[in-house]
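Chemist: Attaching a single structure in structure tokens format; questions to follow.
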Amino acid sequence: MYIKEALKMYTASEKRYDTMKYNRCGKSGLKLPSVSLGFWHNFGDTGSYDNMVEMCKTAFDNGITHFDLANNYGPAPGSAERNLGKILRENFTPYRDELIISTKAGYDMWAGPYGDFGSKKYLIASLDQSLKRLELEYVDIFYHHRMDPETPLEETMGALSQIVHSGKALYVGLSNYDGETLKKATTILDELKVPFIINQNCYNIFNRTIEKNGLKDTSKKLGKGIICFSPLAQGLLTNRYLDGIPEDSRIRTDGRFLKESQLSEEKLAQIKGLNVLAKDRGQTLAEMALAWLLKDDYITSVLIGASRPSQILDNIKATENTSFTEEELRKIDALSI
Ligand SMILES: NC(=O)c1ccc[n+]([C@@H]2O[C@H](COP(=O)([O-])OP(=O)(O)OC[C@H]3O[C@@H](n4cnc5c(N)ncnc54)[C@H](OP(=O)(O)O)[C@@H]3O)[C@@H](O)[C@H]2O)c1
């Protein structure tokens, strides 16, 4: 203990498992925390390293055992994995077996025909690169990041099979698939005896796509977990934009994926209405938005982003009240659909 303090080493809170709820991922043996932390924004080379470290420690100290990455998270692409590799080495070495680290490949990563979509050539090379950046021997979950309209599904699933059977990932997941493609992929993965356990899709009060494209129902029928990304609609479903657009918000500091044009007058009116409802429930809007997803037993985890530790602390409070009255649900629908 004395030596650790002298070296300023991180010792995780002894209470880290006291409050977080862990949900079984579909019918698999793996449990994930109700709230997981994503590294899409704020962990690249434009972020503050000290802030990244604090966010990781805050998350883990409060039971968030799952960190989600992708090959291209940055900017620059790859830098979020590189930064997490350093954070893990400097702080989390004793805790590797308490952590679930996931990464993905499927979007544009490097020049030429072999750095995008779903070929075997791309997926195998990409995971090897990710492991080097993360300084890990294996990841816990490796995802194919998006459907590829051209590569035969058998080839992409075959690559996932080779990856788990070579020990470079323990489980595989699919991201941004629809219900029909998920069904076909599952048949192939079952034949190949691949532990495919989870779907990662966008799902939030404003985005109900997975209810419409068959993903949610099919996933449930097949016994796969669902982890919802952008559960706060990139910050729209929080108090961030209630009084204008702050200079330190995602819209202003990045603007690539959340644009000012998405914050129309109509959208802002909806956000304000939802905020009143959240207040009536004794929650922040962010807490209510996450609770709205977690009310559904079938949702394994909500995959939040954060720009500071305080947001993580706010978001985990969502787990304290995840039940809604019929009237509340009707009001939320009226304000969002
Ligand atoms: N598979 C895929 O294709 C895919 C796609 C997108 C994302 N993802 C995954 O999902 C993760 C989360 O996505 P996301 O960052 O869009 O999630 P999000 O949780 O919807 O949005 C995160 C942003 O909301 C704001 N925020 C969070 N908590 C807040 C709070 N309590 N109060 C006020 N504002 C709060 C922050 O914005 P400010 O920065 O403005 O403070 C934060 O950066 C990613 O990191 C990634 O792992 C996957």
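Chemist: For PHE60, indicate whether it is closer than 23 Å to LEU313 by Cα, under 17 Å from the mean Cα position of the chain (by Cα) and not in a helix (DSSP H, G or I).
Modeler: Numbers: closer than 23 Å to LEU313 by Cα: yes; under 17 Å from the mean Cα position of the chain (by Cα): yes; not in a helix (DSSP H, G or I): no.
It is false that PHE60 is closer than 23 Å to LEU313 by Cα, under 17 Å from the mean Cα position of the chain (by Cα) and not in a helix (DSSP H, G or I).
Chemist: Next question, about the same structure. Residue check, LYS31 against (1) at positive phi; (2) of a type in the set (D, E, K, R); (3) in contact with a Cys (Cβ under 9 Å, 6 or more places away or on another chain), all met but one. Which one?
Modeler: (1)
Chemist: Can we say SER323 is within 12 Å of the ligand (Cβ to nearest atom), hydroxyl-bearing (Ser, Thr, Tyr), more than 16 Å from PRO33 (Cα to Cα) and without any contact (Cβ under 8 Å) to a residue 60 or more places away in the chain? It would help to see each step written out before you state the result.
Modeler: On the way: within 12 Å of the ligand (Cβ to nearest atom): no; hydroxyl-bearing (Ser, Thr, Tyr): yes; more than 16 Å from PRO33 (Cα to Cα): yes; without any contact (Cβ under 8 Å) to a residue 60 or more places away in the chain: yes.
In short, no.
Chemist: If a residue has to be closer than 16 Å to TYR177 by Cβ and either touching a residue at least 24 places away in the same chain (Cβ under 8 Å) or within 12 Å of the ligand (Cβ to nearest atom) (or both) to count, how many in region 190-208 make the cut? Reasoning before the result, please.
Modeler: First, pick out the residues of region 190-208 that are closer than 16 Å to TYR177 by Cβ: 190, 194, 196-203, 207.
With either touching a residue at least 24 places away in the same chain (Cβ under 8 Å) or within 12 Å of the ligand (Cβ to nearest atom) (or both) added as a condition, the list becomes 194, 196-203, 207.
Total satisfying the criteria: 10.
Chemist: Right, here's the next one. I'm trying to understand the selection: among the residues of region 280-319, which are within 16 Å of the ligand (Cβ to nearest atom) and without any contact (Cβ under 8 Å) to a residue 12 or more places away in the chain?
Modeler: As a first pass, look at region 280-319 and keep what is within 16 Å of the ligand (Cβ to nearest atom): 281-294, 299-319.
Passing the criteria: only SER310.
Chemist: Output the residues belonging to region 63-79 that are in contact with a Leu (Cβ under 6 Å, 6 or more places away or on another chain) and either among the aliphatic types (A, V, I, L, M) or in a helix (DSSP H, G or I) (or both).
Modeler: ILE64
Chemist: Shifting gears a bit: Among the residues of region 290-304, are any over 25 Å from ASN199 (Cβ atoms), open to solvent by 40 Å² or more (accessible area, probe 1.4 Å) and of a type outside the set (A, V, I, L, M, F, W, C)? Outline the logic, then answer.
Modeler: We begin by selecting, within region 290-304, every residue over 25 Å from ASN199 (Cβ atoms); these are none.
No - not one qualifying residue is present in region 290-304.
Chemist: When region 209-223 is examined, which residues are found to be open to solvent by less than 20 Å² (accessible area, probe 1.4 Å) and either closer than 23 Å to GLY305 by Cα or outside any helix (DSSP H, G or I) (or both)?
Modeler: Passing the criteria: ILE210, LEU215, GLY223.
Chemist: Would you check which residues across region 93-151 are within 30 Å of ASN213 (Cβ to Cβ), out of contact with any Ser or Thr (no Cβ under 6 Å at 6 or more places or on another chain), part of a helix (DSSP H, G or I) and in contact (Cβ under 8 Å) with a residue 12 or more places away in the chain and list them?
Modeler: The answer is LYS120, TYR122, LEU123, ILE124, SER126, LEU127.
Chemist: Looking only at region 25-64, which residues are among the β-branched types (Val, Ile, Thr) and surrounded by fewer than 23 Cβ atoms within 10 Å (Cβ to Cβ)?
Modeler: Scanning region 25-64 gives THR46, VAL53, THR58.
Chemist: Take the residues in region 311-336 that are closer than 12 Å to ALA289 by Cα and aliphatic (A, V, I, L, M); name whichever of them is surrounded by the fewest Cβ atoms within 10 Å (Cβ to Cβ).
Modeler: LEU329
Chemist: Take the conditions open to solvent by less than 10 Å² (accessible area, probe 1.4 Å), more than 14 Å from the ligand (Cβ to nearest atom) and out of contact with any His (no Cβ under 7 Å at 6 or more places or on another chain) and apply them to GLY179. Does it pass? Even if it seems obvious, please write down each step before you answer.
Modeler: Numbers: open to solvent by less than 10 Å² (accessible area, probe 1.4 Å): yes; more than 14 Å from the ligand (Cβ to nearest atom): yes; out of contact with any His (no Cβ under 7 Å at 6 or more places or on another chain): yes.
Here the answer is yes, as GLY179 does meet what is asked.
Chemist: Moving to a separate point now. Would you confirm whether or not region 130-137 contains a residue that is at pLDDT 95 or above, touching a Phe, Trp or Tyr at 6+ places or on another chain (Cβ under 8 Å) and surrounded by 22 or more Cβ atoms within 10 Å (Cβ to Cβ)? I'd like the intermediate steps shown before the answer.
Modeler: Within region 130-137, the subset at pLDDT 95 or above is 130-137.
Filter once more, so that each one left must be touching a Phe, Trp or Tyr at 6+ places or on another chain (Cβ under 8 Å): 131.
In the following step, the residues that additionally are surrounded by 22 or more Cβ atoms within 10 Å (Cβ to Cβ) were identified as none.
No - not one qualifying residue is present in region 130-137.
Residues are listed down the side, and each one gets a yes or a no for (1) in contact (Cβ under 8 Å) with a residue 60 or more places away in the chain; (2) part of a helix (DSSP H, G or I); (3) open to solvent by less than 40 Å² (accessible area, probe 1.4 Å); (4) under 25 Å from LEU294 (Cβ atoms):
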| site | (1), (2), (3), (4) |
| --- | --- |
| LYS183 | no, yes, no, no |
| ILE227 | yes, no, yes, yes |
| TYR241 | no, no, yes, yes |
| PRO246 | no, no, yes, no |
| ILE251 | no, yes, yes, no |
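Chemist: Might you let me know whether region 143-152 holds any residue that is open to solvent by less than 40 Å² (accessible area, probe 1.4 Å) and more than 24 Å from PRO33 (Cβ to Cβ)? Don't jump to the end; show me each part of the working.
Modeler: As a first pass, look at region 143-152 and keep what is open to solvent by less than 40 Å² (accessible area, probe 1.4 Å): 143-145, 148, 151.
Okay, now just the ones that are also more than 24 Å from PRO33 (Cβ to Cβ), so 148, 151.
So far as region 143-152 goes, yes, one or more of its residues are open to solvent by less than 40 Å² (accessible area, probe 1.4 Å) and more than 24 Å from PRO33 (Cβ to Cβ).
Chemist: I've got another one for you. Restrict the check to region 321-329 and report whether at least one residue is at pLDDT 95 or above and within 18 Å of the chain's Cα centre (by Cα). Lay out the reasoning, then the answer.
Modeler: Taking region 321-329 first, the residues at pLDDT 95 or above are 321-329.
Now restrict to residues that are within 18 Å of the chain's Cα centre (by Cα): none.
Looking for residues that are at pLDDT 95 or above and within 18 Å of the chain's Cα centre (by Cα), one finds none in region 321-329, hence no.
Chemist: Against the condition at positive phi and either surrounded by fewer than 19 Cβ atoms within 10 Å (Cβ to Cβ) or out of contact with any helix residue (DSSP H, G or I) (no Cβ under 6 Å at 6 or more places or on another chain) (or both), how does GLY78 come out, does it pass?
Modeler: Spelling it out, it is not the case that GLY78 is at positive phi and either surrounded by fewer than 19 Cβ atoms within 10 Å (Cβ to Cβ) or out of contact with any helix residue (DSSP H, G or I) (no Cβ under 6 Å at 6 or more places or on another chain) (or both).
The values are calculated or read from the model by the stated rules, or taken from the named source; none is laboratory data. The structure presented is a predicted model; accordingly, all values stated were derived computationally and were not measured. Because the Cβ atoms are built from the backbone with ideal geometry, glycine has one as well, and the counts that use them run over all protein chains shown. For the accessible areas, the whole protein counts, side chains as well, though only heavy atoms, and no ligand, DNA or RNA atoms are used. Shrake-Rupley method; radii C 1.70, N 1.55, O 1.52, S 1.80 Å.
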